[in-house]
């Protein structure tokens, strides 16, 4: 009995320690625009100084009513031309049933490719690092326990992520000539985006009161072994000003069959029209 009590007490102590470690948020990444990090590689020097102010283009005509209302409310008559973006955030992420605090930095060559750098943490310290790229239409996911690449279903999923994450620079959806909008009703429209020689579709749902984007829905493969696609929900829970830009600051990602978000992101820093070439092929923040 005494041994059993000791074992039970030790297990309880380990649970309390582990639970406590999962309540501590990591420190945010340093603001990209103010970062003094060296270039990722000598061959591809990257300067991280202040981002260039974007030029604007007229808002296209003929957009579905809720789409036009959304862009007029966000930008007015002129939408910024964004060719790159760096988005930094802290988050919670559910991995194998355990919800971890995390921080991420996403590098985007707008509409072309990205790199995701993510750290899942315990006691604010990195426990697992993820380095995922989607470049030239191919995805590569590097985890501590292996690398996944050359998987067509993962490429399809990554392409949807490429376009869904433009929610942080949504002018891309009306300035990229490969993208188009199709009407549904006064609060809903379809966003059509390229996938190689094919196309993918999102259902975009807008708030009927203030016109802001609230949800993107698409059919996405969960993994390379998935027999079919699953409804993937990208929910915008709050808009606010970050780094001088009005954008979604709280977002949640949910697979319909899970029933609850597996990731919730709180954006804390953005930089637009900066040189990301070296960072797209690096492996750290």
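Things to note:
- Of the criteria (1) outside any strand (DSSP E or B); (2) without any contact (Cβ under 8 Å) to a residue 24 or more places away in the chain; (3) surrounded by fewer than 18 Cβ atoms within 10 Å (Cβ to Cβ), which one residue 130 fails: (1)
- Residue within the stretch 26-33 that is at pLDDT 70 or above and over 24 Å from the mean Cα position of the chain (by Cα) present: no
- Residue list for the stretch 97-124, filter: crowded, with 20+ Cβ neighbours inside 10 Å and not in a strand (DSSP E or B): 110, 111
- Every condition in (1) within 30 Å of residue 179 (Cβ to Cβ); (2) in a strand (DSSP E or B); (3) modelled with pLDDT under 95 holds for residue 53 except the one numbered (2).
- Close Cβ contacts (under 8 Å, 6 or more residues apart or on different chains) running from residues in the stretch 145-161 that are at negative phi and touching a residue at least 40 places away in the same chain (Cβ under 8 Å) to residues that are part of a helix (DSSP H, G or I) and surrounded by 13 or more Cβ atoms within 10 Å (Cβ to Cβ) comprise 148/154.
- Options 110, 91: the member that is modelled with pLDDT of 85 or more, in contact with a helix residue (DSSP H, G or I) (Cβ under 7 Å, 6 or more places away or on another chain) and within 19 Å of residue 132 (Cα to Cα): 110
- Any hit, the stretch 246-258, residues being at pLDDT below 95 and surrounded by 16 or more Cβ atoms within 10 Å (Cβ to Cβ): no
- Checked against the criteria, residue 224 counts as surrounded by fewer than 17 Cβ atoms within 10 Å (Cβ to Cβ), touching a strand residue (DSSP E or B) at 6+ places or on another chain (Cβ under 8 Å), over 20 Å from residue 59 (Cβ atoms) and in contact (Cβ under 8 Å) with a residue 24 or more places away in the chain.
- Only strands (runs of 3 or more DSSP E) whose full extent lies in the stretch 133-247 are considered here, and the ones with at least 3 residues that are under 15 Å from the mean Cα position of the chain (by Cα) are 213-220, 230-242.
- Only a single criterion out of (1) within 17 Å of residue 233 (Cβ to Cβ); (2) crowded, with 16+ Cβ neighbours inside 10 Å is not satisfied by residue 201, namely (2).
- Of everything listed in (1) over 22 Å from residue 177 (Cα atoms); (2) buried (at least 16 other Cβ atoms within 10 Å of the Cβ), the single unmet condition for residue 238 is (2).
The values are calculated or read from the model by the stated rules, or taken from the named source; none is laboratory data. On a predicted model such as this, the values are computed, not experimentally measured, just so you know. Heads up, the Cβs are rebuilt from the backbone with ideal geometry, glycines too, and the neighbour counts pull from every protein chain shown.
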